[in-house]
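One structure is given here, and the rest of the page talks about it.
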Amino acid sequence: MTKTNPGNFFEDFRVGQEIRHATPRTVTTGDAALYVALTGSRFALHASDEFARSLGYAAAPLDDLLVFHVVFGKTVPDVSLNAVANLGYAACRFGVPVFAGDTLSTTSTVIGLKETSNRQTGVVHVRSVGVNQRGESVLDYIRWVLVRKRDAAAPAPAAVVPDLPAEVPVAELAIPASLDLARYDSGAAGAPHLWEDYEAGERIDHVDGMTIEESCHMTATRLYQNTAKVHFNQHAEKDGRFGRRIVYGGHVISLARALSFNGLANAFRIAAINGGRHVNPSFAGDTIYAWSEVLAKQPLPGRKDLGALRLRTVATKDRPCADFPDLGPDGKPDPDVVLDLDYHVLMPRRG
Amino acid sequence: MTKTNPGNFFEDFRVGQEIRHATPRTVTTGDAALYVALTGSRFALHASDEFARSLGYAAAPLDDLLVFHVVFGKTVPDVSLNAVANLGYAACRFGVPVFAGDTLSTTSTVIGLKETSNRQTGVVHVRSVGVNQRGESVLDYIRWVLVRKRDAAAPAPAAVVPDLPAEVPVAELAIPASLDLARYDSGAAGAPHLWEDYEAGERIDHVDGMTIEESCHMTATRLYQNTAKVHFNQHAEKDGRFGRRIVYGGHVISLARALSFNGLANAFRIAAINGGRHVNPSFAGDTIYAWSEVLAKQPLPGRKDLGALRLRTVATKDRPCADFPDLGPDGKPDPDVVLDLDYHVLMPRRG
Amino acid sequence: MTKTNPGNFFEDFRVGQEIRHATPRTVTTGDAALYVALTGSRFALHASDEFARSLGYAAAPLDDLLVFHVVFGKTVPDVSLNAVANLGYAACRFGVPVFAGDTLSTTSTVIGLKETSNRQTGVVHVRSVGVNQRGESVLDYIRWVLVRKRDAAAPAPAAVVPDLPAEVPVAELAIPASLDLARYDSGAAGAPHLWEDYEAGERIDHVDGMTIEESCHMTATRLYQNTAKVHFNQHAEKDGRFGRRIVYGGHVISLARALSFNGLANAFRIAAINGGRHVNPSFAGDTIYAWSEVLAKQPLPGRKDLGALRLRTVATKDRPCADFPDLGPDGKPDPDVVLDLDYHVLMPRRG
């Protein structure tokens, strides 16, 4: 019996199975500093304890996407080590804020299994929950991946494909009870535009570009203790599908979010991710650009001080976004598009 | 109306204008660790809480240049996004020490405006002040930049060019009242040479060299939340002036300071920068070397335990400094020189 | 008299000489985060305060190898700046755990000197001790290096070569009195295999590979304030023995240890290093793989909750380890082998 982890194959999963993932992780100001250094993020809530306190937080909470990556990273050795592709995310809801010193753990439940027609692979749906040291949810999401079978001839379980919500209802977004935007300082945050100033259908080119280096994406992905082999091993990947290491898709999400500061500086929290797709892989040397569309503008029940925007952020590689690259004439994504992310952000209202 | 920041153009500034910069930043031990990792700095005061306490500090203060970069970084989106060149620094005075947990913010005042003769650009002088969460100054400096006009035909304001001091008078250096060098341990600091051992006119080759990688300078510059596009976007810069990304000049200052440990290990604090010039750009692949000259050796009023040295540190690329590269026969800087920095350091006296 | 450190040459050392190394260093959660980001380490004890507390620690101790590198780094300017080669380590015993906020210093004693027959160099043995701010030993080890002579004609001291133990006796391993594995959670740690499950002679391929980038190894080595020139200066090394920068051997040790998680996840502490050899240099672009052999399985006096494994971990470059690359037919190490490390780890017992 080997002592090393071969990862799970499609036939190792069963619907209802609970997986407790390894390596609880105490997140610190060290992680927060690295996150800024690797992404260039500038959102004031995560940068400043003083700013955070002015809104009712005890200190600056860690960036939502840093939390996402840490929670996600733990699932890789059990869920996606033998994955051919990450197919999507849904129903991703951020929970209580995470502070330096909190310890995060992740558990997953298998909620869907469906063998593909060629019998080589199958689609696995898991719902993963990240909790802090008090057991409070910090993140709850569904993802589905295409996983290899160990043995193509192995019998397949009855197909189960969960119903996935197109959107996390804004009434279900986690808003800390202590959050109070009466003293929100948009000057410190970096832009005058608040919730009222955005309109559904509006599109924003985030202008700037960020080039990815091998060292940067590997360092970020190791920080999250994500062990997917394709990000780290050039010796193996030189003979792989692309001849080189693939950038962790989550790093591209973080770069797109950091770029989106230019146009969305007051989108102070990601409250949910409705869906996301890594349309094309990214590689070292690619320069990431992004643009966003406001899909919807929704008030929040019982809150006059903040509202939600449903955003779609599209990231490209080596392609500025002044013309909002999207679907080509054939209805397929423009080949320069690498990410298509649908999510809810919270933004202050004028009240 | 665009929601993205186009940066200010020359005609957007007026003398007396105050600009409050975005993104207050709580600096942490995470930032300090990254600073060491990215520069190799070894000065004991910033490395050791114990050493710092022996001198009367509550803990190790953050490196002076880390403070400089954080304060400076905030000014970029408002002051130099449309700059053609950083022309210089002056009257830069470090204030109260900065500790992990402090939150830094920056405000600038426009103190000079002068259109250039071709009417395409103008020189903007700003005085920027970085403060902590108690409003105490941590850094106060003047810089001037050459900024593009949006419209060459736009009328120019009356020219104002501030008088700049050649030197911050040592009587105005901020010396913490609690600072006491009676227990200064030069063995821990790494060298026996104290203030008495240096002489005006003395030149020191710092011997070592440090090669810059794209990932290193980008990571450092993102840590400071400096958004100048030329450092990050290879896709755009491939068609730019140099065909590649330019290293943030402040990163070169930090490398030169870190290299200067070898010869100046007891220069425990940078108290002021009298002037600085990025003589040539640096790029990934360049190896930075440095040498220093003691310009002056000045006692400090009322202090027998420490004195000031006025230093000039010259950094080069791909050129060892045993022969102190400086001006060529034509009176212009040697083309290998990248930095020429004039500053005051504090150093213990034998008492 | 130069103020820069030329490093010590062979004739500068004498047996019995004590060297106090510079730059005491307060280690922080920032260092810990960087260590994870640069190595991908996943051992639960160092990742989680909660996990550490469940075993009787006050918080997550810093990774043993991070402590090793910080303690080691301080010795470089005095011991190995003029070294031709690091020949080996022995008798390396980790002491009290190190926590964020501790300040580490290093002192060395010269315990052996032997000129080589060509009179150009000599072997220097030093015993180095790293202590925390309370003077408690955190690490104690012997290393020997081949150091250049300043002057080949200089007379050599009487040869002294210390007896080196082949192994640190397990009875001498430092086990914190408060350590209690009754609540050890192997699910959180990531694998079910405990001390009982390993057998002497067993070999484990750690499967995964990690590619080294210039930026990654330089950033790690600067974090440790290791100043060995060969790691940092491409301008000088382009004309050196290999035409490029050499990766700090300790970084390869850290990568091998991080890779060994896959097969040794419950080896929660490195208690001692019996010996180690950097068989070949590593360079940026190399992908590091590793395999381990259990050399011995030893109970610990008075402990039913944990035992020791003596491991030999061999790391290779650009060579997967499924066939356990080791000595070639000529009895010399396979040219792909870069590291051969003999060490003791602690592992929980079923009790």
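Computed quantities for the displayed model
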quantity: Helix-only [θ]222 nm of chain B, DSSP H runs n ≥ 4, -39500 (n - 2.57) each, per residue, nearest 500; calculated: -5000 deg cm²/dmol
quantity: Largest-first ellipsoid semi-axes for the protein assembly as shown, taking √(5λ) over the Cα gyration tensor eigenvalues, angstrom; calculated: 42, 42, 25
quantity: Over the stretch A:100-253, relative contact order from alpha-carbon pairs under 8 Å, at least 6 apart, %; calculated: 14
quantity: At least 20 Å² accessible surface lost relative to isolated chain, residues of the stretch B:8-36 (1.4 Å probe); calculated: B:Arg20, B:Ala22, B:Thr23, B:Pro24, B:Arg25, B:Thr26, B:Thr28, B:Thr29, B:Gly30, B:Ala33, B:Leu34, B:Val36
quantity: Dimensionless Rg/Rh of the stretch C:264-351 - Kirkwood Rh, Rg from C-alpha atoms; calculated: 1.05
quantity: Interface residues, the stretch B:224-271 - accessible area loss of 40 Å² or more versus chain alone, probe 1.4 Å; calculated: B:Gln225, B:Lys229, B:Phe232, B:Asn233, B:His235, B:Asn262
quantity: Within the protein assembly as shown: Cβ-based charge dipole about Cα centre, in debye rounded to nearest 20 (Lys, Arg +1; Asp, Glu -1); calculated: 440
quantity: Label-zone membership for the stretch C:76-99, site C:Ala156, 7 angstrom Cα→C-beta point, backbone N under 19 Å; calculated: C:82-88
quantity: The stretch A:230-308, dipole about Cα centre (Lys/Arg Cβ +1, Asp/Glu Cβ -1), debye to the nearest 20; calculated: 180
quantity: For chain C, accessible area per residue (1.4 Å probe, heavy atoms of protein chains only), Å²; calculated: 34
quantity: For chain C: Kirkwood Rh in Å [reciprocal of mean 1/r, alpha carbons]; calculated: 20.8
quantity: Percent RCO, i.e. relative contact order, over chain A, from Cα pairs under 8 Å lying at least 6 residues apart; calculated: 19
quantity: 5 angstrom amide H check on A:Asp326, placed H, neighbours 5+ away; calculated: A:Asp334
quantity: Karplus-derived HN-Hα couplings along the stretch B:142-159 (A = 6.51, B = -1.76, C = 1.60, θ = phi - 60°), whole Hz, x at Gly and Pro; calculated: 10, 9, 9, 9, 9, 10, 5, 8, 5, 9, 4, 7, 4, x, 9, x, 4, 5
quantity: By accessible area with a 1.4 Å probe, ligands and nucleic acids excluded, highest first: order of C:Glu199, B:Glu293, A:Glu18; calculated: A:Glu18, C:Glu199, B:Glu293
quantity: Using alpha-carbon coordinates, inclination of helix C:29-39 to the longest axis of chain C, degrees; calculated: 90
quantity: Stokes-Einstein diffusion coefficient of the stretch B:40-137, Kirkwood radius over Cα pairs, 10 °C, 1.306 mPa s, in µm²/s; calculated: 102
quantity: Radius of gyration, Dmax [the stretch C:276-321; alpha carbons; angstrom]; calculated: 15.3, 47
quantity: Label point distance in nm, B:Ala177-C:Arg349, each placed 7 Å from Cα along Cα→Cβ; calculated: 6.1
quantity: Rounded D (µm²/s) - the stretch A:203-351, Kirkwood Rh over Cα pairs, Stokes-Einstein at 37 °C, 0.692 mPa s; calculated: 201
quantity: Rounded percent of accessible protein surface that carbon and sulfur make up, the stretch C:165-276, 1.4 Å probe; calculated: 53
quantity: Rounded percent of accessible protein surface that carbon and sulfur make up, the stretch B:300-342, 1.4 Å probe; calculated: 56
quantity: Convex hull volume per residue in cubic angstrom - Cα atoms of the stretch A:168-245; calculated: 243
quantity: Long-range Cα-Cα pairs in the stretch C:1-95 (distance over 19 Å), rounded percent; calculated: 57
quantity: Placed amide H near A:Gly307: partners under 5 Å, 5+ positions off or other chain; calculated: A:Met347, A:Arg349
quantity: Backbone HN-Hα couplings from phi across the stretch A:300-313 [Karplus 6.51/-1.76/1.60, Hz, Gly and Pro as x]; calculated: 10, x, x, 10, 9, 8, 8, x, 10, 10, 8, 10, 10, 10
quantity: Chain C, dipole about Cα centre (Lys/Arg Cβ +1, Asp/Glu Cβ -1), debye to the nearest 20; calculated: 940
quantity: Base-10 log of normalised Debye intensity for the stretch C:95-191 (one unit scatterer per alpha-carbon) at q = 0.23, 0.25 Å⁻¹; calculated: -1.17, -1.24
quantity: Folded to 0 to 90 degrees: helix A:214-223 orientation relative to chain A principal axis, Cα; calculated: 90
quantity: Top positive-direction residue, dipole computed over the protein assembly as shown with Cβ charges, set B:Pro162, B:Gln133, C:Val247; calculated: B:Gln133
quantity: C-alpha long axis of helix B:249-259 to longest principal axis of chain B, angle in °; calculated: 10
quantity: Leading residue at positive end of dipole, the protein assembly as shown (Cβ point charges), from B:Phe99, A:Ile288, C:Gly275; calculated: B:Phe99
quantity: Protein accessible surface hidden between B and A, which excludes ligands and nucleic acids, total in Å², probe 1.4 Å; calculated: 2900
quantity: The stretch A:205-312 - percent relative contact order, Cα under 8 Å, separation 6 or more; calculated: 36
quantity: Accessible surface, 1.4 Å probe, highest first, among residues A:Arg150, C:Arg244, B:Arg310; calculated: A:Arg150, C:Arg244, B:Arg310
quantity: Calculated label separations, B:Ala171, copies of the chain, 7 Å along the beta-carbon direction, nm; calculated: 7.3, 7.3
quantity: Mean-position separation - Cα centroids, the stretch C:301-346 and the stretch C:85-124, in angstrom; calculated: 22
quantity: Surrounding net charge for C:His235, when Lys and Arg each add one and Asp and Glu each subtract one, Cβ distance under 9 Å; calculated: -1
quantity: Those chymotrypsin sites (Phe, Trp or Tyr not before Pro) in the stretch A:22-74 that DSSP places in a loop and that have at most 11 other beta carbons within 10 Å; calculated: none
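The values are calculated or read from the model by the stated rules, or taken from the named source; none is laboratory data. Just so it is clear, the structure is predicted and the values come from calculations on it, not from any experiment. In this analysis, Cβ positions are derived from the backbone assuming ideal geometry, glycine residues included, and neighbour counts consider all displayed protein chains. These accessible areas exclude ligands, DNA and RNA; they are computed on the full protein's heavy atoms, side chains included. Shrake-Rupley method; radii C 1.70, N 1.55, O 1.52, S 1.80 Å.
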